[in-house]
Amino acid sequence: MERMKNKRINRLYSGALITLGLFLAGSCVDIPKEGSLAPDINYRNRKQQAIAGLAQSIGDFQVSTSTLPLYFEIVNITEANGNDVSALQQEIPVIRYTKPVVGDETAEELKLKSDTVRIPAVAINQHTGRLEIQEGNGIRAGEYHFDIQVSNSSGTRLLKDALVIEFAEYELKSWSGSMAKAPEIERVGDAPNQILFVGHLDGMPLHGNRIDFTESRALGFKGTFVDDTQQGEIWNVGFPVKEATTYCNWKITTNESGVGASTYENAEFNFVLGRPGSYIIRLYK
């Protein structure tokens with residue numbers, strides 16, 4: 001009887017030692033964290049449009065059932081026609097404020113509260129997955145494809161063609177019904193940074209003095225008048241030329257020489273020019 005009792009005690013003691021050993025061993029090993037990277041992660045509306053030169057934020061990532069947080073990285077960029085993509089990686093100087101801005105600071109005070117950093121023309125927010133496009137970039141028109149790597153605690157996945165962005169160098173936003181047809185925009189060179197406005201009346205081009213942008217200058221594109229020429233009216237502009245409702249007056253006379261009774265008719269239009277260079281905008285009345 002005594003022998004059976006001792007065996008039972010020994011078994012209990014051994015079991016306790018094994019349990020204790022497993023506990024101690026387990027306390028020295030990290031337990032893997034649970035996580036998942038859902039098979040259906042993607043961007044909503046993966047094909048997007050953008051205007052070169054302007055600051056934009058693009059990309060609405062759908063995490064599905066993935067474990068958060070997620071981390072994002074651009075792995076590769078290609079252009080549909082094999083064109084150069086270096087402009088997307090060019091570093092752009094960007095002002096970052098290092099101290100709170102109250103709103104009544106002088107230019108010198110703002111300078112003391114800010115710093116200039118250099119950021120790629122197109123970068124990705126590593127926490128949200130949004131592509132952040134910096135103002136002042138020199139991206140050419142084209143269709144750009146982005147391969148993006150997504151990571152979390154469970155691993156990584158490469159999303160080929162995760163986002164496709166079609167860049168344009170300019171865009172006509174709107175025009176009034178008083179115009180005979182839509183204005184036409186053409187980029188004709190890398191320099192100078194100018195716009196040549198060519199007014200047409202009944203299909204015929206006019207001398208620059210027959211159209212006028214000097215009224216309502218609080219509105220419209222920001223620029224400096226240069227000259228009225230036989231080819232049209234010339235303005236120097238800084239880029240990008242941002243969206244603004246622009247008013248144009250046509251001088252309508254009784255004959256093409258400009259002699260005789262004159263009337264003025266107004267029209268309005270709205271446009272954006274992104275990439276620096278020389279442009280012609282043709283207007284029709």
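The values are calculated or read from the model by the stated rules, or taken from the named source; none is laboratory data. On a predicted model such as this, the values are computed, not experimentally measured, just so you know. Cβ coordinates were reconstructed from backbone atoms using ideal geometry, including for glycine residues, and neighbour counts include every protein chain displayed. To get the accessible areas, we keep the full protein, side chains included, count just its heavy atoms, and leave off ligands, DNA and RNA. Shrake-Rupley method; radii C 1.70, N 1.55, O 1.52, S 1.80 Å.
In the range 235-253 there is no residue that is in a strand (DSSP E or B), in contact (Cβ under 8 Å) with a residue 60 or more places away in the chain and closer than 24 Å to Ala121 by Cβ. Look through the range 60-74, keep the residues that are out of contact with any Gly (no Cβ under 6 Å at 6 or more places or on another chain) and not aliphatic (A, V, I, L, M), and return whichever of them is nearest to Arg130 (Cα to Cα). Among those residues, the one meeting the criterion is Asp60. Select from the range 231-248 the residues that are surrounded by fewer than 16 Cβ atoms within 10 Å (Cβ to Cβ) and of a type in the set (A, V, I, L, M) and list them in ascending order. Within the range 231-248, Ala244 is the sole residue that qualifies. Could you go through the range 215-222 and let me know if any residue there is over 30 Å from Ser36 (Cα atoms), at pLDDT below 95 and basic (Lys, Arg). Yes - at least one qualifying residue is present in the range 215-222. If you filter the range 51-98 down to residues that are in a helix (DSSP H, G or I) and not hydroxyl-bearing (Ser, Thr, Tyr), you find that the one that is surrounded by the fewest Cβ atoms within 10 Å (Cβ to Cβ) is Gln89. Checked across the range 167-179, the condition of being open to solvent by less than 20 Å² (accessible area, probe 1.4 Å) and not aromatic (Phe, Trp, Tyr) holds for at least one residue.
Listed conditions (1) open to solvent by 70 Å² or more (accessible area, probe 1.4 Å); (2) assigned to a strand (DSSP E or B); (3) touching a residue at least 40 places away in the same chain (Cβ under 8 Å) are all met by His127, apart from (2). Just one of the listed residues (Leu163, Leu201) is touching a His at 6+ places or on another chain (Cβ under 9 Å) and of a type in the set (A, V, I, L, M, F, W, C), namely Leu163. Of all the criteria given as (1) in contact with a Leu (Cβ under 7 Å, 6 or more places away or on another chain); (2) over 24 Å from Gly53 (Cβ atoms); (3) open to solvent by 20 Å² or more (accessible area, probe 1.4 Å); (4) touching a residue at least 40 places away in the same chain (Cβ under 8 Å), the one not satisfied by Asn209 is (1).
Right, Ala191: within 28 Å of Val85 (Cβ to Cβ), open to solvent by 50 Å² or more (accessible area, probe 1.4 Å) and small (Gly, Ala, Ser) or not?
yes
Over 30 Å from Ile211 (Cα atoms) and within 23 Å of the chain's Cα centre (by Cα) - does that describe any residue in the range 171-186? The answer is no; no qualifying residue exists. Do we have Glu108 as acidic (Asp, Glu) and either at positive phi or within 22 Å of the chain's Cα centre (by Cα) (or both) here? Taking the combined requirement at face value, the residue does not satisfy it.
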